[in-house]
Amino acid sequence: MVSTDVPRDQLRGRETKQRVLKAAAAEFAEHGVAGARINRIAQTAAASKERIYAWFGDKDALFDQVMQTGLDRLAHAVPIDTDLVEYTVQLHDYFVADPSAERVAVWAWLHDAAAQGSFSAGRVDGYRRKLDVIRDAQRSGLVEPTWKPEELLALLLAIASSWERAPAELRSVSESEPDDSDSRRAAVREAARRLVEPRA
């Protein structure tokens, strides 16, 4: 009988790799791509820098892997469908529960903007699939058809993360209570509804 057990060394390697990805996500969320340091990631993950470079190549490649892992997790947790209002609300909930995910996404947008068109194919394909869903919803009469899909998606993403990205100074003078999450969630839903709902 052939054993299906994973060799202990291989299992430890997988566990270490997961620690590296988790530590890298925190490092990139805090410092961005330019400010992130492999030595800090290695120390946090209890892994050697040499092993990290062997697995991922360089810092940019590690960042791409962190982003793709995060997007895969997000796509699984909040799959887009033709109910774009509910999708926006669930995306808001996801970012509230894990603010670091939103911060890494912001760093990715800044990093990609500086990359002059050298984007991750996986991330580009993910956005193409989202745009296809929006087009389907427009053809089905569920979404205002005059929007360009890419413009509508950009606005919905901005709404979903609006409070997380709001300047600290604005949050400090807000009349809302710091934990007034229900009010902010309702505002996200209403703003998305006004954009998405077909006009009479």
Review point. Of all residues in region 72-97 being touching a helix residue (DSSP H, G or I) at 6+ places or on another chain (Cβ under 7 Å) and of a type in the set (Ser, Thr, Tyr), which is nearest to Val188 (Cα to Cα)?
Key: Thr88
Review point. For region 151-200, which residues satisfy the criterion of being touching a residue at least 24 places away in the same chain (Cβ under 8 Å), within 18 Å of Val106 (Cβ to Cβ) and of a type in the set (Gly, Ala, Ser)?
Key: Ala160, Ser161, Ser162
Revision key, fill the gap. Screening Leu21, Leu91 for residues that are farther than 24 Å from Leu152 by Cβ, at pLDDT 90 or above and under 15 Å from the mean Cα position of the chain (by Cα) leaves only Leu21
Exercise for review: Report, ordered by the first and then the second residue, all pairs with beta carbons closer than 8 Å, sequence separation of six or more or different chains, a first member in region 43-69 that is modelled with pLDDT of 90 or more, and a second member that is acidic (Asp, Glu).
Suggested key: Thr44/Glu27
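The values are calculated or read from the model by the stated rules, or taken from the named source; none is laboratory data. All values derive from a computational prediction rather than experimental measurement. Neighbour counts are summed over all protein chains in view; Cβ atoms, including those assigned to glycine, are modelled from backbone coordinates with ideal geometry.
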